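Heads up, the thing below is written out as structure tokens.
The values are calculated or read from the model by the stated rules, or taken from the named source; none is laboratory data. Note that this is a predicted model, so its numbers are computed, not measured. Cβ placement follows ideal geometry from the backbone for every residue including glycine, while neighbour counts extend to all protein chains displayed. Heads up: the accessible areas ignore ligands, DNA and RNA and are worked out on the full protein's heavy atoms, side chains in. Shrake-Rupley method; radii C 1.70, N 1.55, O 1.52, S 1.80 Å.
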Amino acid sequence: MPKILITGACGQIGSEMTLALRERYGKDNVLATDIREPEDENLRASGAFEYLNVLEEQHIARLVQKYKIDTIYHLVGILSAAGEKNPDNAWMVNVNSLKNVLDLAKNLGLRQVFWPSSIAAFGPGSPRENTPQATIMDPNTIYGITKWTGELLCNYYYNKYRLDVRSLRYPGLISYVTPPGGGTTDYAIDIFYQAIKTKQYICFLREDTMLPMMYMDDAIGGTVKLMEAPAHAIRTRLAYNFTAISFTPKQIADEIKKHIPGFVCTYAPDRRQTIADTWPRSVDDSVAQRDWGWKPQYTLSAMVEDMLKHLKKKLKT
Ligand code: SER
């Protein structure tokens, strides 16, 4: 069994990843860490939690030794729109913390590291339809620059030190447990809350802005599959293209309308539109399918149905 430390365990991905990994490997084998206190009762009740500032390498090292950790899922990150407000902080948190994790994984001989990259690693020069695994990478947001830099660092640590670090270019992730903060794809979550609460939503992207997206169940299932794949199957140590469904704000609004008649979505694009306009509309993930058997489960309609079911329960309507 791996002995896992998760950073950013209170975040959008971390809160669900922690529970899923505890379910799979046992609660004593998964340590949750964050700079924030967990609000979610399940996260707190299901296993150990420690405060951790990922900018302090020695602090991570102490926890690794205390809990005999051999695997790190480094999920801490500042997202795209938040990054533009404070680029220095985005660089520090996203790049310096990754360097800390890679260094200590190398120095302490850890077995594996997972780190999320993003579709934001692509840029205006990358083909926008069916974006290939290997293509022009010229991100022009600080978030995208940190993700592409991080991919290059991971690749370097694999080639130079044989550190088993694996990564995925996550698309916009949709989930009902913990809301994201400061992303460009956040509209695809906010729209559900507003549809249920007020039957109205003002979307900050244009109605025809197509972006690659994925339901959190698929993201977690795919990440675990990548991490459990035999090392010889992993043929890139940059991040793998990874996608499920591409849709526009209008398409998801129409799908929600099928369940909530009378729901009205209007559009008031803001500065996040200029970020979305440099990202792929769809991604070619055939290399991940070929190398380690990636296959998503959720279609747009299945995801919308499941989101509404869970969110209605959560919001007690
Ligand atoms: N969901 C992220 C964002 O919007 C993209 O990786 O910033």
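If you take the residues in region 25-68 that are of a type in the set (Asp, Glu) and more than 26 Å from residue 179 (Cα to Cα), which one is least open to solvent (accessible area, probe 1.4 Å)? I'd like the intermediate steps shown before the answer.
So the first thing to find is which residues in region 25-68 are of a type in the set (Asp, Glu), and the list is 28, 34, 37, 39-41, 50, 56-57.
Then drop every residue that is not more than 26 Å from residue 179 (Cα to Cα), which leaves 28, 56-57.
On the way: 28: 116, 56: 90, 57: 52 Å².
Checked region 25-68; the qualifying residue least open to solvent (accessible area, probe 1.4 Å) is 57.
Being part of a strand (DSSP E or B) and more than 8 Å from the ligand (Cβ to nearest atom) is the filter here, so list the residues in region 170-202 that pass it.
174, 200, 201, 202
Run down 22, 36, 62 and say which single residue is basic (Lys, Arg) and within 16 Å of residue 220 (Cβ to Cβ).
On the way: 36 fails: within 16 Å of residue 220 (Cβ to Cβ); 62 fails: within 16 Å of residue 220 (Cβ to Cβ).
Of 22, 36, 62, the one residue that is basic (Lys, Arg) and within 16 Å of residue 220 (Cβ to Cβ) is 22.
Would you check which residues across region 277-294 are closer than 21 Å to residue 228 by Cα and open to solvent by 30 Å² or more (accessible area, probe 1.4 Å) and list them? I'd like the intermediate steps shown before the answer.
Initial filter on region 277-294 (closer than 21 Å to residue 228 by Cα): 285-294.
Matches in region 277-294: 286, 287, 289, 290, 293.
State which residue pairs qualify: first residue open to solvent by less than 10 Å² (accessible area, probe 1.4 Å) and inside region 200-218, second residue acidic (Asp, Glu) in any location, beta carbons under 7 Å apart, and separation of 6 or more residues or different chains.
Cβ pairs passing all conditions: 216/16.
For residue 297, state whether it is open to solvent by 50 Å² or more (accessible area, probe 1.4 Å) and outside any loop (DSSP other than H, G, I, E, B).
Numbers: open to solvent by 50 Å² or more (accessible area, probe 1.4 Å): yes; outside any loop (DSSP other than H, G, I, E, B): no.
The answer is no for residue 297.
Filter region 89-146 for residues that are surrounded by 23 or more Cβ atoms within 10 Å (Cβ to Cβ), more than 16 Å from the ligand (Cβ to nearest atom) and either closer than 16 Å to residue 241 by Cβ or in contact (Cβ under 8 Å) with a residue 60 or more places away in the chain (or both) and give the result.
Across region 89-146, the qualifying residues are 97, 101, 102, 105.
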